[in-house]
Amino acid sequence: MEDILDLYAEPYDPLYPLGCFDESPYQLVSEVRQPLPVAPGQPVRYDYEYRREGTCNLFMFFEPLQGWRHVKVTDRRTTQDFAHCMRDLVEIHFPKAAVISVVLDNLNTHTPAALYATFPPAEACRILRKLDFHYTPKHGSWLNMAEIEFAVVMTQCLDRRLGHQETVRRAITAWETRRNAAKATVDWRFTTTKARRKLKHIYPL
């Protein structure tokens with residue numbers, strides 16, 4: 001826990017950026033009947049029936065110090081999907097960084113081995129040399145700021161019926177463009193000092 005809190009307290013350095021990473025499933029749902037539009041004295045009306053269209057997966061990249069985020073929509077969350085996300089982080093999102101500190105949860109796919117299972121050894125090694133993984137502790141995934149950003153996108157963008165991956169992708173692209181332009185970020189106030197005071201029961205005597 002303190003490792004991540006100390007990382008959050010460090011000043012921004014473009015050569016050593018901080019990236020929070022998380023993932024979440026999303027239920028695709030389409031309308032059975034078209035909603036009735038707004039009319040004078042009458043709000044928009046939706047039929048209670050809907051059609052399940054399967055699921056997709058959302059990968060969240062979040063750089064809180066610069067107020068930047070990107071959501072990648074995929075079919076699933078396999079080891080290979082994670083590995084490709086890490087390559088995107090290195091080659092597309094932070095190509096000039098020397099080392100990227102990545103805060104992520106302790107899932108079985110979130111390992112260096114995932115890159116070796118996906119890419120040739122030399123390629124996997126090249127990518128991993130630019131990544132510094134910082135795992136949240138057990139029952140401590142709330143320390144990952146990407147979870148907060150997921151709560152925002154679910155409330156501001158995805159709290160409606162979206163039936164197809166491409167529709168989800170377009171909606172998220174519009175949302176992240178607006179939020180990135182505003183450099184919206186998380187006002188993180190929980191520090192190592194506060195943790196030692198408020199959570200002293202979890203520290204060894």
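Can you name the residue in the stretch 146-201 that is among the β-branched types (V, I, T) and free of Cβ contacts under 8 Å to residues at least 60 places away in the same chain and, of all such residues, is surrounded by the most Cβ atoms within 10 Å (Cβ to Cβ)? Top of the filtered list is I148. Filtering Y8, Y16 for residues that are within 27 Å of K130 (Cβ to Cβ), part of a loop (DSSP other than H, G, I, E, B) and aromatic (F, W, Y) leaves a single hit, Y16.
When residues in the stretch 79-121 are screened for being of a type in the set (A, V, I, L, M), within 14 Å of the chain's Cα centre (by Cα) and farther than 23 Å from Y8 by Cβ, 0 of them pass.
If you check L28 against the conditions, is it over 24 Å from S141 (Cβ atoms) and of a type in the set (A, V, I, L, M, F, W, C)? Yes: the conditions hold for L28.
Filtered by the rule that a residue be within 30 Å of E31 (Cβ to Cβ) and either at pLDDT below 95 or more than 17 Å from the chain's Cα centre (by Cα) (or both), the stretch 171-205 gives no residues. Consider the stretch 6-29. How many of its residues are in contact (Cβ under 8 Å) with a residue 40 or more places away in the chain and either of a type in the set (D, E) or touching a Phe, Trp or Tyr at 6+ places or on another chain (Cβ under 7 Å) (or both)? Count: 10.
Taking H139 as the residue in question, decide whether it is surrounded by fewer than 16 Cβ atoms within 10 Å (Cβ to Cβ), more than 17 Å from the chain's Cα centre (by Cα) and at positive phi. Criteria met by H139. Highlighted here are the strands (runs of 3 or more DSSP E) found entirely within the stretch 41-118 that include at least 3 residues which are touching a helix residue (DSSP H, G or I) at 6+ places or on another chain (Cβ under 9 Å) and farther than 20 Å from T167 by Cβ: 50-63, 100-104. Six or more apart or on different chains, Cβ under 7 Å: which pairs go from a residue in the stretch 123-143 that's under 17 Å from L15 (Cα atoms) to one that's assigned to a loop (DSSP other than H, G, I, E, B)? Could you list them? These pairs meet every condition: K130/A97; K130/V99; D132/V99.
Take the residues in the stretch 20-40 that are farther than 16 Å from L162 by Cα and of a type in the set (A, V, I, L, M); name whichever of them is modelled with the lowest pLDDT. This residue is L36.
The values are calculated or read from the model by the stated rules, or taken from the named source; none is laboratory data. What you see is a predicted model; the values in this text were computed from it and never measured. Heads up, the Cβs are rebuilt from the backbone with ideal geometry, glycines too, and the neighbour counts pull from every protein chain shown.
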